[in-house]
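Below is one structure, written out as structure tokens, with a few remarks after it.
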Amino acid sequence: MSKAGFAVVMMFVFSGCQTVTPPNVAQMVDPPQAAVNAGATFFALINQERSARGLRSLSANAGLAAAARDHAQDMVSNNYFSHDGRNGSSFSQRARAAGYTCAAAENIAFGQTSEAEVMTEWMNSSGHRRNILLSDARDYGLGRVGNMWVLMMGRGC
């Protein structure tokens, strides 16, 4: 199975997720690579999908991006893949700790090598697409460490 095919993509919609350890995380992630923030490409991609469905554009939010990046880093550093942090934190708790009080959803993915690839994977998954197209979403933050991705959506309240 290819990395893209493996692309274990999970979502959170109000139910718990089990912790999954993706095979060979340490081999698939370049350890010295620093976490990177969402670029202009992802900003355009997410808003293009929303605009095509008559939804408002989202704004990039630094607090959500920091929480997403930190969770991606934690998963890489500790070799796991889950919506639950190793300390038991939920995505909404991580968002609040980063100063964002109204987190709405989180998508995670592993194995994609570009913003376009991860967006395609998420849009081809009904649960992830639902999160991206939340009608009351106002903000997003994307975190990436190597090929570990975390997208956090917020309501902007």
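Since every read-out is calculated from the coordinates, none of them should be taken as a lab result. All figures in this text were calculated on a predicted structure; none of them were measured in a lab. Neighbour counts run over all protein chains shown; Cβ positions are idealised from the backbone, glycine included.
Residues of segment 115-145 that are out of contact with any Ser or Thr (no Cβ under 8 Å at 6 or more places or on another chain) and over 20 Å from Arg53 (Cα atoms): Glu117, Gly141, Leu142, Gly143, Arg144, Val145.
The residue that is surrounded by the fewest Cβ atoms within 10 Å (Cβ to Cβ), among those in segment 79-130 that are part of a helix (DSSP H, G or I) and of a type in the set (Val, Ile, Thr), is Thr120.
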